[in-house]
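The structure appears right after this line, and notes come after that.
The values are calculated or read from the model by the stated rules, or taken from the named source; none is laboratory data. Owing to the predicted nature of the structure, the values given are computational and were not obtained by experimental measurement. Here Cβ is always computed from backbone atoms with ideal geometry, including for glycine, and neighbour counts include all displayed protein chains. With ligands, DNA and RNA removed, areas are computed over all heavy atoms of the protein, side chains included. Shrake-Rupley method; radii C 1.70, N 1.55, O 1.52, S 1.80 Å.
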Amino acid sequence: MGGRRLARRDRRQSDWRSLDESDVRIRPGRGSRPRSKRRPAHADAVPAMVVAVDRGRWRCAVNSDPDRIVTAMRARELGRTPIVVGDRVGLVGDVSGKPDTLARMVRVEPRTSVLRRTADDTDPYERVVVANAEQLLIVTSLADPEPRTGFLDRCLVACYTGGLDPVLCLTKADLASPDPLLDSYADLRVPAVVTRHDEDSTALRETLRDRVSALVGHSGVGKSTLVNRVVPGADLAIGEVSAVGKGRHTSVSAVALPLPDGGWVIDTPGVRSFGLAHVTPDEVVAAFPEFAEAAEECPPHCGHLGGDEDPDCALDDVVASGAARASRLASLRRLLISRTGAEV
């Protein structure tokens, strides 16, 4: 009996001696799988434009088609990447747009323009309001309330530094003449659209046609009236968008609405302040070609304001040489002063 057990033991040991590492299968423990930094390429991702954001859900127009709206969530690999209205994204998963379906955003394309602001001029945290808009319509009323040139100037700075084309949109021309305000911005060569409460504006529709346009303005200047005029059923569309966040009021966030003749208008919430803490003087000057090169000759930390503030500013030499008008430099410096929050 004992001899048979010894024989079996010797046979097993003999079998073990004949094995090598290729014959051994080791079951890995839980969590031992090596991590990889490689992520899926998602070559099959469908392009889309974000049209609304609320509470961790994004409404996206597949291929920028307003008739193909999909609700999506952010993929884990995007981490905390900020995604705002106007962003171009890649979607995977269920992109049918049927009720109770959810796609996944796996990619955010590089932005061509950014509308940014801070809460005030001391807040270092910049907020991206809209991405990839081609132009910004700065809406202001000519009366009731009176136009705020400081706000207009700050929005112009945001356009110049963010890559958007600015357009002045002056409302309530039936109450006051637009000429004085237009004259004060003539040297900046900013296009303008003038509207009346009692008339439809063909010029406004042509300005918006086939472009992605953002609208910004104080409460009460008539921005919502303009949106309702150019987008039939805008109130209904905004109400449908609010379902993204289960009923939160949509006036606190931007929303993109399709135009009947092509293009998109992005309605932003009314703002009380437009902080520019993230903007440097050199970034503003860069938007003025006749002064940009001379600004490189200025002393370090020059604010380009001239006078006692910056007595050695080289921008004055450009005017002295006749390469630029003094009124043009005055307009530039007005923008620079508005960036600091001081009264102009």
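The modelled label-to-label distance for the pair Asp165/Glu206, using points 7 Å beyond Cα in the direction of Cβ, is 1.3 nm. Taken one residue at a time, the phi angles of segment 146-161 give Karplus couplings (6.51, -1.76, 1.60, θ = phi - 60°) of 5, x, 10, 5, x, 5, 4, 4, 5, 5, 5, 4, 4, 5, 4, 8 Hz. Gly and Pro are set to x.
Across segment 213-227, rounded Karplus estimates of 3J(HN,Hα) from the backbone phi angles (6.51 cos²θ - 1.76 cosθ + 1.60, θ = phi - 60°) give 10, 9, 10, 9, x, 5, 5, x, 8, x, 5, 5, 4, 4, 4 Hz, Gly and Pro being marked x.
Placing a label point 7 Å from the Cα of Asp282 along the Cα-to-Cβ direction, the residues of segment 289-307 with a backbone N closer than 11 Å are 295-302. Taking each residue as 0.36 nm, the span from Asp261 to Ala323 lengthens on full extension beyond its C-alpha to C-alpha distance by 18.1 nm. In nm, give the distance between the simple-model label positions of Asp183 and Asp312, each being 7 Å from the Cα along the Cα-to-Cβ direction. Taking the two extended label points, one gets 4.0 nm. Between Ser219 and Asp235, what is 0.36 nm times their sequence separation minus the Cα-Cα distance? Round to one decimal in nm. Here the answer is 4.1 nm. The residues of segment 82-163 present an accessible area of 42 Å² per residue when probed at 1.4 Å with all protein chains retained. Counting only protein heavy atoms and a probe of 1.4 Å, the accessible surface of segment 82-230 is 49% carbon and sulfur.
Work out the FRET efficiency for Glu296 and Arg68 from their Cβ-Cβ distance, taking R0 = 45 Å, and round it to the nearest 0.05. The formula returns an efficiency of 0.40 here. Leaving out ligands, DNA and RNA, what percent of the accessible area of segment 271-327 is carbon and sulfur, probe 1.4 Å? Here carbon and sulfur together make up 48 percent of the probe-accessible area. Within a Cβ distance under 13 Å of Asp282, other residues only, what is the Lys/Arg minus Asp/Glu net charge? Value of the local net charge: -4. Translational diffusion of segment 108-168, estimated by Stokes-Einstein from the Kirkwood radius over alpha carbon pairs at 4 °C in a medium of 1.567 mPa s, is 103 µm² per second. Glu199 contributes an accessible area of around 100 Å² to the protein surface, as traced by a 1.4 Å probe with all chains present.
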